[in-house]
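Worksheet: the structure to be examined is printed underneath.
The values are calculated or read from the model by the stated rules, or taken from the named source; none is laboratory data. These numbers come from a predicted model, not from an experiment. Every residue, glycine among them, receives a Cβ derived from its backbone with ideal geometry; neighbour counts consider all protein chains shown. In case anyone asks, the SASA skips ligands and DNA or RNA and just uses the protein heavy atoms, side chains included. Shrake-Rupley method; radii C 1.70, N 1.55, O 1.52, S 1.80 Å.
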Amino acid sequence: MSVTSDFYLARVAQCDGEASETDLSNVRDRCLRAKAAWQAMADRVLKGEGNRKRQAADKAVHQERPFG
């Protein structure tokens, strides 16, 4: 199963919302740590998605050029 950046970004938003809704500092801290972890995972997936798009574009350009 391939997880998209949308999944991770949704978790980031969820943790952010939970952190802002609580009055308990330990719960807020936990939510913010989780948010940072989800954001790091989202950043890695976004970087991979960008690399795949760039490679596909490069491949398309090279296929359009005639050899020789």
Original post:
Ranked highest first by the average count of other Cβ atoms within 10 Å around their residues, in what order do 3-11, 54-62 fall?
Top reply: 3-11, 54-62
Original post:
Which of the aspartates and glutamates could a cross-linker span from Lys59 if the Cα-Cα distance has to be under 16 Å and same-chain partners fewer than 8 positions apart are dropped?
Top reply: Glu49
**OP:** Whenever you get a sec, compute what percent of the accessible area on the chain sits on carbon and sulfur atoms (1.4 Å probe).
**Re:** 54
Original post:
Applying the Karplus parametrisation 6.51 cos²θ - 1.76 cosθ + 1.60 with θ = phi - 60° to the phi angles of the range 30-46, what ³J(HN,Hα) value in whole Hz is obtained for each residue in order, glycine and proline being reported as x?
Top reply: 4, 5, 5, 5, 5, 4, 5, 5, 4, 5, 4, 5, 4, 4, 5, 5, 4
Subject >> For Rg/Rh (Cα atoms, Kirkwood Rh), calculated from these coordinates, the label among (1) 1.33; (2) 1.00; (3) 1.11 >> reply: (1)
Original post:
What accessible area per residue comes out for the chain, rounded to a whole number of Å², with a 1.4 Å probe?
Top reply: 80
Original post:
What relative contact order, as a whole-number percentage, does the chain give when Cα pairs under 8 Å and 6 or more residues apart are counted?
Top reply: 34
